[in-house]
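A.B. asks: My questions all concern the structure below.
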Amino acid sequence: MPELLEQVRADVAGRVGAGKVADYIPALASVPGDRFGMAVATVDGRLHGVGDWRERFSIQSISKVFGLALTLGLDGDLLWQRVGREPSGGPFNSLVQLEHEKGVPRNPFINAGALVVTDRLLSVTGDATGAVLELLRGETGEPGLGVDSLVAESEAAHGDLNAALGYFISAHGNMDNPVRSVLAHYFRQCAISMSCGELAWAALFLARHGSLHDGRRLLSEVQAKRVNAVMLTCGAYDAAGEFAYRVGLPGKSGVGGGILAVVPRLCTVCVWSPGLDEQGNSIAGVAALERFADLTGSSVF
Ligand code: DON
């Protein structure tokens, strides 16, 4: 595995630094674009990494996977009455679709859908960000994992679009908590800092059919299948088709430049490189996952 990861890194070296670092959240704009890290965690308990795989970055939308899994695990399938599970075919922060669909977001990974998930997780736990952090700390064994408050505050200060989504959903009766609280939890959850190694480790329950590291179940097998399916169809937003075509694995991207992918029954892979394409997905990250899937034959197809 170490040689394989070195090969992937060498093969995508020309793409590192391509694209644009997210700057609509000003605190993310200063992240150096030349970083590249990749880690693989296997269900039999091994962790391998290459490059900047131990460096923490802003997990952003990758947090939506953990929020969704927790909500389904704690609250069952009620969530699906409030959010769909179809690809949006549009940008992650689009408002237009919400109007047509009367405040019921297309899927849990676009921002609107994640706000509904956060609202439900807040109702169920009383502390949505705390619940996500507890899961991440428990699975990684890293009690120091936390929120980068500068990033959270920076996003909150420039979060009018997400606020608009939240108030629109609320106007359609699909929000139980005050929009302000839901937004605050959502921004903090997105601003959690983790490394590729920690993310790969924390997400292994998705490769283990829903079982946590100590054998407790977060999700039933069927629920784990469903989370992976929604990652495959919706995890890269309006590039989900292209991601499935090139990588062929359930994946979830974030504008911090991270992408988390799952090889069911075998391993999780996390890659990080901050330069993004037009859809907000890491250019070198997608290329590395494509190369990894092709070299290992691990695509689900
Ligand atoms: O709400 C936002 O815009 C960010 N906190 C997260 C967006 C994101 O990561 C989309 N992923 N590619």
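The values are calculated or read from the model by the stated rules, or taken from the named source; none is laboratory data. Here the structure is a predicted model, which is why all the values come from computation and not from measurement. Methodologically, a virtual Cβ is constructed for each residue, glycine included, from the backbone with ideal geometry; neighbour enumeration extends over all protein chains shown. The area values use the complete protein model at the heavy-atom level, side chains included, leaving out ligands, DNA and RNA. Shrake-Rupley method; radii C 1.70, N 1.55, O 1.52, S 1.80 Å.
A.B. asks: Please list 3J(HN,Hα) in residue order for segment 101-117, calculated via the Karplus relation 6.51 cos²θ - 1.76 cosθ + 1.60 where θ = phi - 60°; whole Hz, with x for glycine and proline.
C.D. replies: Along segment 101-117, the couplings run 9, 6, x, 9, x, 4, 7, x, 9, 5, 4, 4, x, 5, 5, 5, 4 Hz.
A.B. asks: Quick one: compute a quarter of the convex hull surface over the Cα atoms of segment 159-282 and quote it in nm². Don't skip to the answer; put the middle values down first.
C.D. replies: Numbers: hull surface 35.9 nm².
For the Cα atoms of segment 159-282, the hull's average projected area reads 9.0 nm².
A.B. asks: Sticking with this structure for a sec: Per DSSP H run of n ≥ 4, the term is -39500 (n - 2.57); total these for the chain, divide by its residue number, and report the mean residue ellipticity at 222 nm rounded to 500 deg cm²/dmol.
C.D. replies: -13500 deg cm²/dmol
A.B. asks: Next up: What FRET efficiency do you get for His100 and Arg265 if R0 is 51 Å and r is their Cβ-Cβ distance, rounded to the nearest 0.05?
C.D. replies: On the way: r = 38 Å, r/R0 = 0.75.
Working from the Cβ atoms, E equals 0.85.
A.B. asks: Which ³J(HN,Hα) values in Hz, rounded to whole numbers, follow from the phi angles of segment 170-185 under the Karplus curve 6.51 cos²θ - 1.76 cosθ + 1.60, where θ = phi - 60° and Gly and Pro get x?
C.D. replies: Ordered by residue, 3J(HN,Hα) equals 4, 4, 8, x, 10, 9, 8, 9, x, 4, 4, 5, 4, 4, 4, 5 Hz.
A.B. asks: Moving on. Mind listing which trypsin sites (Lys or Arg not before Pro) in segment 1-110 are in a DSSP loop and have 11 or fewer other Cβ atoms within 10 Å? Working shown, then result.
C.D. replies: Details: sites: Arg9, Arg15, Lys20, Arg35, Arg46, Arg54, Arg56, Lys64, Arg82, Arg85, Lys102, Arg106; in loops: Arg35, Arg46, Arg54, Arg56, Arg82, Arg85, Lys102, Arg106.
Hits after loop and neighbour filter: Arg46.
A.B. asks: Label 7 Å along Cα→Cβ of Leu78; segment 93-129 residues with amide nitrogen under 11 Å?
C.D. replies: 120-121, 123-125
A.B. asks: Per residue, how large is the accessible surface of segment 180-278? Use a 1.4 angstrom probe and give square angstrom. Walk me through the intermediate numbers first.
C.D. replies: On the way: 3090 Å² over 99 residues.
Dividing the accessible area of segment 180-278 by its residue count gives 31 Å².
A.B. asks: In the chain, carbon and sulfur make up what percent of the accessible area (probe 1.4 Å)? All intermediate terms of the calculation are to be shown ahead of the outcome.
C.D. replies: Details: 5940 of 11740 Å².
Reported share for carbon and sulfur atoms: 51 percent.
A.B. asks: In addition: Relative to the present Cα-Cα distance, how much length would full extension add between Leu150 and Ala13 at 0.36 nm per residue of separation? Walk me through the numbers on the way to the answer.
C.D. replies: Values: separation 137, 0.36 × 137 = 49.32 nm, distance 3.03 nm.
Residue separation times 0.36 nm, minus the Cα-Cα distance, leaves 46.3 nm.
A.B. asks: Further question: What Kirkwood hydrodynamic radius, in Å, does the chain give when the mean of 1/r is taken over all pairs of distinct Cα atoms and then inverted? It would help to have the intermediate numbers written out before the result.
C.D. replies: Details: mean 1/r = 0.0537 Å⁻¹.
About 18.6 Å for the chain.
A.B. asks: Over segment 1-77, what portion of Cα pair distances is larger than 18 Å, expressed as a whole percent?
C.D. replies: Roughly 59 percent, rounded to a whole number.
A.B. asks: Something else: What is the set of long-range amide H partners of Arg106 at a cut-off below 5 Å, with H atoms built 1.01 Å from backbone N?
C.D. replies: Gly84
A.B. asks: Across segment 230-245, in residue order, what do the Karplus-derived ³J(HN,Hα) couplings come to in whole Hz, using 6.51 cos²θ - 1.76 cosθ + 1.60 with θ = phi - 60° and x for Gly and Pro?
C.D. replies: 3J(HN,Hα) across segment 230-245, in whole Hz: 5, 4, 5, 8, 10, x, 10, 6, 6, 10, 4, x, 4, 5, 5, 5.
A.B. asks: Over segment 83-153, average the accessible area per residue using a 1.4 Å probe and give it in Å², no decimals.
C.D. replies: On the way: 2900 Å² over 71 residues.
Ligands and nucleic acids excluded, the figure is 41 Å² per residue.
A.B. asks: What is the Cα coordinate range of segment 5-159 on the first, second and third principal axes, sorted by size from largest, in whole angstrom?
C.D. replies: Here the Cα extents, ordered largest to smallest, are 47, 35, 30 Å.
A.B. asks: Starting from the Cα of Arg54, step 7 Å toward the Cβ, then list every residue of segment 260-301 with an amide N under 15 Å from that point.
C.D. replies: Hits in segment 260-301 for Arg54 at 15 Å: none.
A.B. asks: Next up: Counting every Cα pair in segment 127-210, what percent are over 15 Å apart? If you can, show how the numbers build up before the last one.
C.D. replies: Numbers: 2186 of 3486 pairs.
Across segment 127-210, Cα pairs with separations above 15 Å total 63 percent.
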